[in-house]
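The structure appears right after this line, and notes come after that.
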Amino acid sequence: MEQLTALIVASPIVAMLVLCITYGIGDFIGTLTKAWIPSVFVVAVLFLLGYWTFFPKDIVALAGMGAPLGGTLAIMICITHMGTSISLDELKKQWKIIVICLAGLAGMIAACLLICPHFVDFNYIISGLPPLTGGIVAATMMQEAAQNLGLERAAVLAICMYVCQGFAGYPLTAIMLKREGRNLLKDYRSGKVKKVAHTGEIDEVNGKFATETKKRKKLIPDIPNKYYSTAVSLATILVVAYLSSLISTWTGTFMGVYAINQAVIALILGIAATELGFLRPNVLKENGCFNFIMFILMMYVFSGLNSATPALLLEILGPLVFIIVVGVAGMCIVATIAGKILKVSTYMAIATSLTALYGFPPNYVLTDEASKALASNEDEKNYLMDNMLPQMIVGGFVTVTITSVIIASVFIPMLRA
């Protein structure tokens, strides 16, 4: 093991090779099991085992995918790209999903605050809930707040909650998406939905793919294709990303630690820039960079497991699992009720709410994997993706990107020294 570790440390090529093999095994098992065992779940387990055996703690950095490439750059590029994949019309269409996700988060918080205090230390609940409702920003906020009060175990639990919450979310989401996908395909194959060429848009009125996209005049004219190189397209993304960081810094001058996160601004500006014509729709897909940027980002996300040692996990395992079980149960129950009221599929209501446990990019990966496993041809896969992916992306945006940061800011004063 020591020799293998030394080999990885000595060569960035070997470090990258090991990461590619690890991710490839996850993809293979996900495809082999038709997404019943999601690839992201397999990769997370392999990363844990790797860190506990021969992975250097900084293997992702050794492979050249650490910060800032795997951190700020990849995150901001992908978040801005997400804005190009969601139009304002799509957000309006998904208002029911937004309501369901917010209801699910309310159910998670209510269940934990009502039930957990009888069994778990209150500071564990307060430090663990914001990360459970979202991502790394909320986890970092709670970790710092707990450390400032001398609550070391609560601080560790906040980060471990962020690291481990996906283990509950990945398989449960995969089940929900596959059941939703089967129902969608049943209608598609029976002829209730007209089979037409894929355009990426769905006609909400008649429930079929639109055969033509509505062309709208935009403020900024398109750059001719012969000049629109990969470098130019990335430059347009980075202009929006940099502007987002400037605005975020500006909000910090009067909001302090509660400044609007730059990722939130990047997503909003990504949508606006696409509507204006500065960014092209699905820009990373168009320039061929999406899959590689996604790989870098996923490696960076899984690098967060390097601090989850067996001893540390065992120490807080009980409270951690209890909070996750109670929280997820509360979320699923309330999301189901909200889905029934709004006439949204129970499977989709639960799946979109569960995006709080992992956000982007796993929400994309899980949807793509389930669609690929169920579809018998490309048209069926496109149909599934167009019916499930917008909801999953909006769900992740509502829960992880925005709401979890707000929840963290509300919970910080509730920590008890």
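The values are calculated or read from the model by the stated rules, or taken from the named source; none is laboratory data. All values reported here derive from a predicted model rather than from experimental measurement. Note that we place each Cβ from the backbone using ideal geometry, even for glycine, and neighbour counts take in every protein chain shown.
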- Looking at L129, L91, L113, L102, which one is assigned to a helix (DSSP H, G or I), buried (at least 21 other Cβ atoms within 10 Å of the Cβ), of a type in the set (A, V, I, L, M) and out of contact with any strand residue (DSSP E or B) (no Cβ under 7 Å at 6 or more places or on another chain)? L129
- Top-ranked residue in segment 45-62 [being buried (at least 21 other Cβ atoms within 10 Å of the Cβ) and either without any contact (Cβ under 8 Å) to a residue 24 or more places away in the chain or touching a Leu at 6+ places or on another chain (Cβ under 6 Å) (or both); ranked as nearest to I13 (Cα to Cα)]: F47
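For every residue, the table says whether it meets (1) more than 18 Å from the chain's Cα centre (by Cα); (2) more than 19 Å from A111 (Cα to Cα).
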{"residue": "G339", "(1), (2)": "yes, no"}
{"residue": "G359", "(1), (2)": "no, yes"}
{"residue": "A373", "(1), (2)": "yes, yes"}
{"residue": "V398", "(1), (2)": "no, yes"}
{"residue": "I406", "(1), (2)": "no, no"}
{"residue": "V410", "(1), (2)": "yes, no"}
{"residue": "A417", "(1), (2)": "yes, yes"}
- Residue set L297, L279; condition within 24 Å of G66 (Cβ to Cβ) and either assigned to a helix (DSSP H, G or I) or not assigned by TED's automatic domain parsing to the domain that holds Y23 (or both); output residue L297
- Query: Of C78, C101, which residue is within 17 Å of Y364 (Cα to Cα), at pLDDT 90 or above and either in the same structural domain as A335 (by TED's automatic domain parsing) or among the small types (G, A, S) (or both)?
  - Reply: C101
- Query: Going through segment 22-44 one residue at a time, which ones are farther than 19 Å from C164 by Cβ, touching a residue at least 60 places away in the same chain (Cβ under 8 Å) and either charged (D, E, K, R) or crowded, with 19+ Cβ neighbours inside 10 Å (or both)?
  - Reply: Y23, G30, K34, A35
- How do the pairs read when you match residues in segment 236-257 that are closer than 18 Å to G83 by Cβ with residues anywhere that are surrounded by 16 or more Cβ atoms within 10 Å (Cβ to Cβ) and of a type in the set (D, E), using Cβ under 6 Å and keeping only pairs 6 or more apart or on different chains? none
- Query: Looking at this structure, is G288 at pLDDT below 90, small (G, A, S) and outside any helix (DSSP H, G or I)?
  - Reply: yes
- Can N306 be described as part of a helix (DSSP H, G or I) and free of Cβ contacts under 8 Å to residues at least 40 places away in the same chain? no
- Please go through segment 321-359 and pick out each residue that is in contact with a Cys (Cβ under 7 Å, 6 or more places away or on another chain) and either polar (S, T, N, Q) or within 26 Å of I79 (Cβ to Cβ) (or both). G327, I350, T352, S353
- Query: Does A67 satisfy being among the small types (G, A, S) and closer than 30 Å to V14 by Cβ?
  - Reply: yes
- Scan segment 214-224 and give yes if some residue there is at pLDDT below 90 and either outside the structural domain of A74 (by TED's automatic domain parsing) or outside any loop (DSSP other than H, G, I, E, B) (or both), otherwise no. no
